[in-house]
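These notes are about the structure you will find just below.
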């Protein structure tokens, strides 16, 4: 990439600020992304006592979903969305924080960490540190649910705002996770009708 990892964080911040201010945050109401929380619960059947973290929560729909079925749900994002206030008024067990991922200090562990479309926008030099932080935040027996782009004919591209869109093959992604001591137990492909490719939903736990 043409920018350093540190410079790229500012690129992401500016890109997301622009999208939300312009109303071009197409992912917020992407139907294929919105099914992710229900697919996770359908597969894992986690108890009501679950403590969940939503990385890159955006408008807060996934965090809100978790707050309705789990004991506690926390969402973090670079952008402070106005919808957070509304969602927090509805339920006392939901919290949102405007923070960078690497700056986030939760002071607790999580039974479930959701990454619904964030990792594949990160700088490649941050992959290992990003996943290492996930493992440090997971409670014993906790799950990491991560949704990434999947397309057999693409590897990556940069959008007009400078964001990287990374498409991993199944083997590449499995190896990337394994390097961070994460094992894939379940994988679900979610078809993206507009793009005619997939989101790959991987449900992972640290190796014993």
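Counting 0.36 nm for each residue step from residue 29 to residue 179 and taking away their Cα separation leaves a gain of 50.7 nm. By the count of neighbouring beta-carbon atoms within 10 Å, fewest first, 30, 115, 170, 54 end up ordered 170, 30, 115, 54. A simple spin-label model places pseudo-atoms 7 Å from Cα toward Cβ; at residue 125 and residue 69 they are separated by 4.0 nm. Subtracting the Cα-Cα distance of residue 158 and residue 195 from 0.36 nm times their residue separation leaves 11.7 nm of extension gain.
Computed over the chain with a Gaussian network model linking Cα atoms closer than 10 Å, the most mobile of 32, 82, 103 is 103.
Working from label points 7 Å from Cα in the Cα-to-Cβ sense, the residue 89 to residue 44 distance is 3.1 nm.
Spatially, segment 135-181 and segment 19-54 are offset by 16 Å when compared through their Cα centroids. Multiplying the residue separation of residue 187 and residue 3 by 0.36 nm and removing their Cα-Cα distance gives an extension gain of 63.0 nm. With a Förster radius of 25 Å applied to the C-beta separation of residue 139 and residue 99, the computed FRET efficiency comes to 0.75. Within the listed set 147, 38, 67, the residue fluctuating most in the Gaussian network model of the chain (springs between alpha-carbon atoms under 10 angstrom) is 38. Within the listed set 135, 50, 155, the residue fluctuating most in the Gaussian network model of the chain (springs between alpha-carbon atoms under 10 angstrom) is 155.
Entry note, the chain: relative contact order of 17 percent, from Cα contacts under 8 Å with a spacing of 6+ residues. Rounded to whole Å, the principal axis extents of the Cα atoms in the chain read 43, 41, 34, largest first. A crude spin-label estimate for the pair residue 132 and residue 22, with each label 7 Å from Cα along the Cβ direction, gives 3.6 nm. In segment 156-208 the Cα-Cα distances spread across 5 Å bins starting at 0 as 5, 17, 21, 22, 17, 12, 5, 1, 0 percent of all pairs.
Throughout, read-outs are computed from the coordinates displayed, never taken from laboratory work. These numbers were taken from a predicted model, which means no experiment stands behind them. All Cβ positions, even for glycine, are placed from backbone atoms using ideal geometry, and neighbour counts span all protein chains on display.
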